[in-house]
Amino acid sequence: MKVENSISHPAAEPIRQPPSLDWTHYGIYSRIEEAIYSIPAYFKSETNIEGIRATDIFTLNAALSATIEEQVVSTLNHMRDVWDPEDEYAKYSFARQSQTFPDVIFKPGDPKSEIIMGIELKGWYLLAKEGVPSFRFQVTKNACNLQDLIVVVPWVLSNVVSGSPKVFRPYVEHARYAAEYRNYHWEHLRDARSSTEIEEPPNVHPYPTKSDQIADKPKSDSGGNFGRFARTGLMDEYIESLMSESVCGIEALYWLQFFKLFQDRTDRKTIEEGIDSLSSKIEVSDIQESEIKDVMAALRVLKRSLDRI
């Protein structure tokens, strides 16, 4: 009599699978992926913000991220010499599409033409109170081609509390791998006490229409946390590196900690002490004189904000 082995084996961790080198469009895909990392050097924005209160600084993520995403798409199209130096894809461009996956598609102007690749594009205000990107990614793996990407573009205002948006090095991940790893994390890596099963929608294909059902759904998610991409751990190293980025000569982490004083409605004395503490960091930092002026101007704006708390 045959005895079944009842020992359960851990599921294999997903692996990244880029498109094949033999794929017709591999060359343009590879150049676009490289160009994405160069976005900060080419990014320009006509948006200018003035007079925002320190208590409202965290609202910038919701207010401006969509605008930043539009401007990133425009930047990519203006970088044609970088990703298509021989004009092989002269009829192609990046275009936004709403209410479906992915946010951005690369294709010719003819709506019936082939989509070469897609980008799920997310803007991330680096000083948002969560300290991590808060977007949800719930798309099922079968909606993603191997060449589709998730791109997160962090940004701040040039003078911290005013000025034009400035972007930093983007986070780039394969969308299909991201979907597979998100489910793997949900099912096997969390310390879950309820069901970890996930229902995947049937008959899904890449570049779906708005009406297609393409979201994976957990059987148990009382906290509504499924799809919170930053919680998978895939971005941990990247986020840590971004928090050490210089914003007007001061690490982003210190700005974030400081703005939380305003968000928490701390008393005036504590906030003033926070301003003094940030000022002292300037004195010991190896930053340029022009950056010192920017920081001091930002701190003066923050002190004036105290009168409106």
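The values are calculated or read from the model by the stated rules, or taken from the named source; none is laboratory data. Since we're looking at a predicted model, the values are computed, not measured. Here Cβ is always computed from backbone atoms with ideal geometry, including for glycine, and neighbour counts include all displayed protein chains. The protein model used for the area step is the full one, side chains on, heavy atoms only, and it has no ligands, DNA or RNA in it. Shrake-Rupley method; radii C 1.70, N 1.55, O 1.52, S 1.80 Å.
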Exercise for the section: Inspect the range 10-25 for any residue being of a type in the set (D, E, K, R) and surrounded by 15 or more Cβ atoms within 10 Å (Cβ to Cβ) and give the result as yes or no. Expected result: no
Completion exercise
Within the range 117-132, restricting to residues that are at pLDDT below 95 and more than 18 Å from Phe43 (Cβ to Cβ), the one that is surrounded by the most Cβ atoms within 10 Å (Cβ to Cβ) is Ala128
Completion exercise
Going through the range 163-183 in order, the residues found to be of a type in the set (Gly, Ala, Ser), open to solvent by less than 20 Å² (accessible area, probe 1.4 Å) and either under 21 Å from Ser244 (Cα atoms) or at pLDDT below 95 (or both) are Gly163
Practice task
Among the residues of the range 262-274, write down those that are crowded, with 16+ Cβ neighbours inside 10 Å and at pLDDT 70 or above.
Solution key: Ile271, Gly274
Handout entry: Close pairs from the range 53-69: first closer than 16 Å to Val167 by Cβ and among the acidic types (Asp, Glu), partner at pLDDT 80 or above and open to solvent by 50 Å² or more (accessible area, probe 1.4 Å), Cβ under 8 Å, at least 6 apart
Key = Glu69/Arg96
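Here is a yes/no grid of residues against (1) in a loop (DSSP other than H, G, I, E, B); (2) of a type in the set (Phe, Trp, Tyr); (3) closer than 30 Å to His185 by Cβ:
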position	(1), (2), (3)
Gln17	yes, no, yes
Trp23	yes, yes, yes
Gly27	no, no, no
Glu33	no, no, yes
Pro40	no, no, yes
Exercise for the section: From the list Thr209, Thr196, pick out the single residue that is polar (S, T, N, Q), surrounded by 13 or more Cβ atoms within 10 Å (Cβ to Cβ) and either closer than 24 Å to Lys141 by Cα or touching a residue at least 60 places away in the same chain (Cβ under 8 Å) (or both). Expected result: Thr196
